[in-house]
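Beneath this line is the structure, given in structure tokens, with notes to follow.
The values are calculated or read from the model by the stated rules, or taken from the named source; none is laboratory data. In this text the structure is predicted, and so the values were computed from the model without any measurement. Here the Cβ positions follow ideal geometry from the backbone for every residue, glycine too, while neighbour counts run over all protein chains shown.
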Amino acid sequence: MSSALPHTNFIWGALIPEVYLDKVSKKYRIGRREVAAIDGVTLQLPESGIVIISGPSGAGKSTLIRIIAGLETPTSGSVYVEGVDLTRLGAYELAWFRRKKFGFKPQDPKLIPHLTILENVAVPLMFNFVERERALSIAKKLIEEVNLRERIDHKPEEISGGEYERVSLAQTIIGSPPIVILDEPTAHLDPDNSKRIADLIKMKQKESNSLYIVTTLDYSIIQEADRVVSIYKGKIIEC
Ligand SMILES: Nc1ncnc2c1ncn2[C@@H]1O[C@H](COP(=O)(O)OP(=O)(O)OP(=O)(O)O)[C@@H](O)[C@H]1O
Ligand SMILES: [Mg+2]
């Protein structure tokens, strides 16, 4: 881990990184066996750029980013985002904080089946109290940017795997959240579609100057990274 604070925020007179994990562990009990999915991880991330979380299957990548996004509570340790310790927030505060700060695409994203692609992409804005017509108009522009104009009125079951990933990406980054977290955005895609997603990630991150945290083993995305964090058996092995 680098010793200097990379990019930092200045809040309440103290320099703090955008994301700071302090000795975080997550243990699961399966019968009598205990699995340490995350094992004593201390990590700080800058306020902007593309950070890749890499490592073999089962290493703890998804668990780590779910903890950063406040979707999973660590067994021990603290998770600071902009200086706020997520582990100390109540359910309501955490939900509010997550809605304002994060865009999160899970490993297996699920669009809402009875809504159109346009409505699906607009949903996060509506949850943030953006008026419906305005949300739809912003979503339409973004869908055009991800090259899916002709799919706008389709339902999720009527689009291909590559298109589904692009729609999920658009849904995650709409409204330019300060922290975008993408779990395996190209896992099931061919090289052409993977490259398209990698280019989109690069373009949208540059545009918003926000922090993108991406789990992947895909070289087309890794080569765009400002930093690669490698994880193995729940521990960080290099940054
Ligand atoms: N809910 C759970 N209950 C029990 N064990 C879990 C749970 N979630 C994850 N694990 C275990 O924690 C470890 C890390 O899982 P995780 O999903 O974070 O890995 P990953 O690096 O994302 O793997 P992949 O590349 O296959 O997605 C694995 O051994 C997994 O079996
Ligand atoms: Mg995973």
Which of (1) surrounded by 21 or more Cβ atoms within 10 Å (Cβ to Cβ); (2) at pLDDT 95 or above; (3) among the hydrophobic types (A, V, I, L, M, F, W, C) does LEU71 not meet, given it meets every other one? (1)
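Is it fair to say GLY55 is within 16 Å of ligand 1 (Cβ to nearest atom) and either on the phi > 0 side of the Ramachandran plot or of a type in the set (Val, Ile, Thr) (or both)?
yes
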Could you look through the range 21-64, keep only residues that are small (Gly, Ala, Ser) and buried (at least 18 other Cβ atoms within 10 Å of the Cβ), and pick out the one that is nearest to ligand 2 (Cβ to nearest atom)? SER62
State whether one or more residues within the range 37-52 are part of a loop (DSSP other than H, G, I, E, B), more than 21 Å from PHE129 (Cβ to Cβ) and within 16 Å of ligand 1 (Cβ to nearest atom). no
Search the range 125-134 for residues being assigned to a helix (DSSP H, G or I) and within 21 Å of the chain's Cα centre (by Cα), and hand back the single one that is surrounded by the most Cβ atoms within 10 Å (Cβ to Cβ). LEU125
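Filter the range 58-77 down to the residues that are near ligand 1 (Cβ under 6 Å from one of its atoms) and either out of contact with any strand residue (DSSP E or B) (no Cβ under 6 Å at 6 or more places or on another chain) or assigned to a loop (DSSP other than H, G, I, E, B) (or both) and list them by number.
GLY58, ALA59, GLY60 - these are the residues of the range 58-77 that are near ligand 1 (Cβ under 6 Å from one of its atoms) and either out of contact with any strand residue (DSSP E or B) (no Cβ under 6 Å at 6 or more places or on another chain) or assigned to a loop (DSSP other than H, G, I, E, B) (or both).
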Can you tell me which residue in the range 209-239 is surrounded by the fewest Cβ atoms within 10 Å (Cβ to Cβ), limited to those that are hydroxyl-bearing (Ser, Thr, Tyr) and touching a strand residue (DSSP E or B) at 6+ places or on another chain (Cβ under 8 Å)? SER230
Filtered residue count, the range 77-124, keeping only those that are over 18 Å from the mean Cα position of the chain (by Cα), in contact (Cβ under 8 Å) with a residue 40 or more places away in the chain and surrounded by 13 or more Cβ atoms within 10 Å (Cβ to Cβ): 5
GLU163 among the acidic types (Asp, Glu) and free of Cβ contacts under 8 Å to residues at least 12 places away in the same chain: no
